[in-house]
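Worksheet for the structure shown next.
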Amino acid sequence: MACVTLKKKNCWTYLAIFLGQFEDAEKYHFATLKRRQKLQGEEHPYVGATLNNIGLMYDQKGDKDNALIYFMKGLEIKKKSKANDLSLINSMNNVASMYCGLGRTNDAHRMLDEVEYILNRQKVSPGDPVAYLYGTRGLAYMKEGKLNEAREVIEKGVEKRQSLAPDNPSYLESLSHKAEICRLQRDFKACRHTVDMALKVQETVVKAMPQHFFIKECLECLLKVHEELGDTVNYKNTLGKLESELLRLEREIDESNKRKLQGVRSALEDVKLKFDSMEET
């Protein structure tokens, strides 16, 4: 009965996150954590996994500081309880990603080195963690201004995720990163091509993960390209697509997620100002 109860809580939790209802998700996650600690002890791999899931919830909410705290707690328990390699890798990738997002690139590289060590000692490396490793390493290089190194590993991540699951949100995330690095390198042709690839899977990915920001990021990247090239027609067309995507996100994001919602509404205001500026000229 206890296992059934935990599974029900997990189902409700994932549904709440999917719908952006983070207050409910938080309640269910911590109820699951409390029950697992009672049934399985403080230092059980499943307790570590639950803490990692709490970190994922905070990451989805846009709270990187709390996400890192719970990712670290989960990883510590997984290490103490000798969790399997794949479980460790997932937590370590998450920690590295948060380090990267917080600008702690040296810490991110050190954690990714540990991930790479574990992957190298396995006979068959699991695909998605490898792609995650490439993506996070690429973002760390981008923050360090190492654009050639960043593009090399990000493209490896795109290829890996495309071969694994091209309809998965993580593939779209990799494409958004590739588009940005191509723009920074002023390889505008590759940037436009990458955004086109992202738009082809947009509808499918929206169904899988309605609140993702990856199309928004791709369109913002493309907008900068058209602006640099002085391509007024495509600039206006992309601005319209961006406005539509922001309006969709505004509808999808729950009012309780004030941080993300404010970001979307601020971006909408910026789009309006850009349209107004074009009309004035």
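The values are calculated or read from the model by the stated rules, or taken from the named source; none is laboratory data. None of the values given here were measured: they were computed from a predicted structure. Here Cβ is always computed from backbone atoms with ideal geometry, including for glycine, and neighbour counts include all displayed protein chains. Keep in mind that these areas ignore ligands, DNA and RNA; they rest on the heavy atoms of the full protein, side chains included. Shrake-Rupley method; radii C 1.70, N 1.55, O 1.52, S 1.80 Å.
Things to note:
- Heavy-atom surface of the chain, accessible at 1.4 Å and reported per residue (Å²): 52 Å²
- Gyration tensor verdict on segment 158-281 (Cα atoms; rounded if a/c is under 1.5, prolate if a/b is larger than b/c, oblate otherwise): oblate
- THR136 - accessible surface, heavy atoms, 1.4 Å probe, Å² rounded to 10: 10 Å²
- For peptides 127-133, 30-36, 46-52, 114-120, sequence by mean Cβ density within 10 Å, most packed first: 46-52, 127-133, 30-36, 114-120
- Computed over segment 137-281: relative contact order in percent, which uses C-alpha pairs under 8 Å that are six or more apart: 16 percent
- nm² value of the averaged projected area, convex hull over the Cα atoms of the chain: 15.4 nm²
- Point-charge dipole on Cβ atoms (K/R +1, D/E -1) for the chain, about Cα centre, debye to 20: 1180 debye
- Most to least packed among 141-148, 234-241, 192-199 [average Cβ atoms within 10 Å]: 192-199, 234-241, 141-148
- Most positive-pole-ward Cα, SER97, PHE213, TYR117, against dipole of the chain from beta carbon charges: TYR117
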